[in-house]
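One structure is given here, and the rest of the page talks about it.
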Amino acid sequence: MIGNRITHRTADGVRIPGTWRHAFICNGGSYFLTDLFVYADGLVDCWELVTLEEFEEKLRTGWVATSLPEGGRASAHHLAAWRFGEPQTWLTPELLLAEVRDTIDELNGRPDSTGRCLAAVDVFLADRTEANRAAARAAYLAVPETVRRYALGDMDRKDRPLRVLVAGPGGRMPGAAEGRVTQAEYDDALAYFEERGRWIAEAPKRVPADGAAKPFAPAVKLYHSYPQRALEEPDKRALRHDYPAAVTVDGTTHPSAAHAYWALSVAAPADRARVTAAESGAQARTLAAGAARRDGWEQVRTAVMARLLRAKYEQHPDLAAVLLATGDATVLYDDADSDFWGDNGGRGRNWSGRLLELVRSELQAHRACPSGAEEARA
């Protein structure tokens, strides 16, 4: 199971997705706790990149250790060193290899052994012949023992309904030392899978209580542009902060939101006036960079920008309409000078885009219920 352990390596300019898991490497008689990296192209990094066949050999020879000796020397590099006392392990070379094979399938979006088992179960439930049950049982037994309990994703019942189903009435459950499945147990397992099937069928139709988690509209990217004058028919270029749309805050009118932002970032009133009078947003940035910064600016800058964007779109309904036309799209804002404000090909934090989405949401709230707009903002 990959979970959140996502990584990658680059080969010939191509990004190869991967994941990692903990493992012990046995080198020179000592055991080293390290990370085993598994990649979608079938290569495994166990202190060197090896193919799956070579990895199997590493397991066979004990280089990748699945058994730990009493009193064996171990260390986690630069963290600690110790000796094993009453070590207990659950993996065997065969189990670890099977889990790695599953991981490679998962990285490639293919059904792993659990997926193949559940597919066989679906075939049996659709046509309940003993041959199909036997196929489902074989598929279950092909799932590594260490992950079988997670097959149904059920924290309470684990894989018991699955074991009952593949055993059948009067059969012995896989892993059970004694006892046979009763008819009542089997009927309960059938009811479980029928309910599970209904839940899975309805899942795509369910809407989270707080609404959709992902946008419906395609992402909007605001590329670099240096508008010198307002457009007769504004398009998404008008969403750039340096677009020439005057913004009035605290009694001062600035040629653009960018002018206002940089003016408010400097400490001295005279410097603020010079920044406001700059010919362009880019020049305003340059002038502000050469002036003394206002105390605590980094802590307040996002709040200041949010205020300025609210002012811009409240004072220019035509530009507000452009922003609203983006629907619920993710807004990606390019800013070559700042990875804080810009998305910059995924390298930046995209605060400009995020604040545009916030202001857009407030505009939508105001349009839907003018009297409740302030409550939505709060």
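Which length gain, in nm to one decimal place, applies between ALA11 and GLN315 when the Cα-Cα distance is subtracted from 0.36 nm times their residue separation?
Difference between extended and current length: 104.3 nm.
Listed here are the pairs LYS158/LYS205; LYS58/LYS158; LYS214/LYS312; which of them are more than 30 Å apart at the Cα?
Result: LYS58/LYS158 exceed 30 Å.
Any idea what % of Cα-Cα pairs in the chain are farther than 33 Å?
Working: 41088 of 71253 pairs.
Summing the P(r) of the chain above 33 Å gives 58 percent of all pairs.
Enumerate by residue number the GluC sites (Glu not before Pro) in segment 4-63 meeting two conditions: DSSP loop (anything except H, G, I, E, B), and at most 15 other Cβ atoms within 10 Å of the site's Cβ.
GLU48
Going 7 Å from the Cα of ALA230 along its beta-carbon direction, which residues of segment 316-353 have the amide nitrogen within less than 12 Å of the resulting point?
Of the residues in segment 316-353, 316-320 have backbone N under 12 Å from the label point off ALA230.
Determine by what factor the alpha-carbon radius of gyration of segment 216-275 differs from 2.2 N^0.38 Å, reporting the quotient.
Values: Rg = 13.8 Å, N = 60, 2.2 N^0.38 = 10.4 Å.
That ratio works out to 1.33.
Would you mind getting the Kirkwood hydrodynamic radius of segment 25-64 from its Cα pairs, rounded to one decimal in Å? Intermediate results must be reported in sequence, preceding the final value.
Working: mean 1/r = 0.0965 Å⁻¹.
For segment 25-64, inverting the mean 1/r across all distinct Cα pairs yields 10.4 Å.
Order of 234-242, 333-341, 259-267 by packing, highest average Cβ count within 10 Å first? If you can, show how the numbers build up before the last one.
On the way: 234-242: 19.7, 333-341: 16.9, 259-267: 24.1.
Order by mean packing, descending: 259-267, 234-242, 333-341.
If N is the number of residues in segment 1-103, what value comes out of its Cα radius of gyration divided by 2.2 N^0.38 Å?
The value comes to 1.11.
Which helices, counted as full DSSP H runs in the chain, have an axial Cα extent of no less than 18 Å and a Kyte-Doolittle average of -1.0 or above?
93-107, 113-126, 183-202, 297-315, 351-368
Could you give the dipole magnitude of segment 112-260 about its Cα centre, charging the beta-carbon of Lys and Arg +1 and that of Asp and Glu -1, in debye to the nearest 20?
Dipole of segment 112-260, to the nearest 20 debye: 340 debye.
Under the definition of Cα pairs under 8 Å and six or more residues apart, what whole-number percent is the relative contact order of the chain?
Once divided by the residue count of the chain, the mean separation gives 8 percent.
Could you calculate, for segment 113-205, the ratio of the Cα radius of gyration to the Kirkwood radius, expressed as Rg to Rh?
0.94
Given 20 °C and 1.002 mPa s, how large is the Stokes-Einstein diffusion coefficient of segment 220-377 in µm²/s, with Rh as the Kirkwood radius over Cα pairs?
Reported coefficient: 135 µm²/s.
What's the ranking of 160-169, 135-144, 122-131 by average number of surrounding C-beta atoms within 10 Å, highest first?
Working: 160-169: 22.1, 135-144: 19.3, 122-131: 12.3.
In decreasing order of mean packing, 160-169, 135-144, 122-131 become 160-169, 135-144, 122-131.
Is it possible to state the helix-based mean residue ellipticity at 222 nm for the chain, with each DSSP H run of 4+ residues giving -39500 (n - 2.57), the sum divided by total residues, to the nearest 500 deg cm²/dmol? What is it?
-12500 deg cm²/dmol
Rounded to the nearest Å, what's the spacing between the alpha carbon centres of segment 1-70 and segment 158-211? Just the number, please.
Computed from Cα coordinates, the inter-centre distance equals 35 Å.
Between LEU358 and THR92, what is the spin-label point distance in nm, taking each point 7 Å from the Cα along the Cα→C-beta axis?
5.7 nm
How much net charge surrounds VAL331 when only the other residues with a Cβ under 12 Å from the Cβ of VAL331 are counted, with Lys and Arg +1 and Asp and Glu -1?
Result for the local shell: +1.
Which listed residue (VAL304, VAL247, ALA273) has the Cα farthest towards the positive end of the charge dipole for the chain, taking +1 on Lys and Arg C-beta and -1 on Asp and Glu C-beta about the Cα centre?
Highest projection toward the positive end goes to ALA273.
Would you tally the net charge around GLY115, using a Cβ to Cβ cut-off of less than 10 Å, leaving GLY115 out, and scoring K and R as +1, D and E as -1?
Details: positive: ARG110, ARG116; negative: ASP102, ASP105, GLU106, ASP112.
Combined, the nearby Lys, Arg, Asp and Glu give -2.
Provide Rg and Dmax in Å for segment 244-310, with only Cα atoms included in the calculation.
10.6, 28
Each reported figure results from applying straightforward, stated rules to the coordinates on display, with no laboratory input. As the structure is a prediction and not an experimental result, all values here were calculated from the model. As a convention, Cβ positions derive from the backbone with ideal geometry for all residues, glycine included, and neighbour counts pool all protein chains shown.
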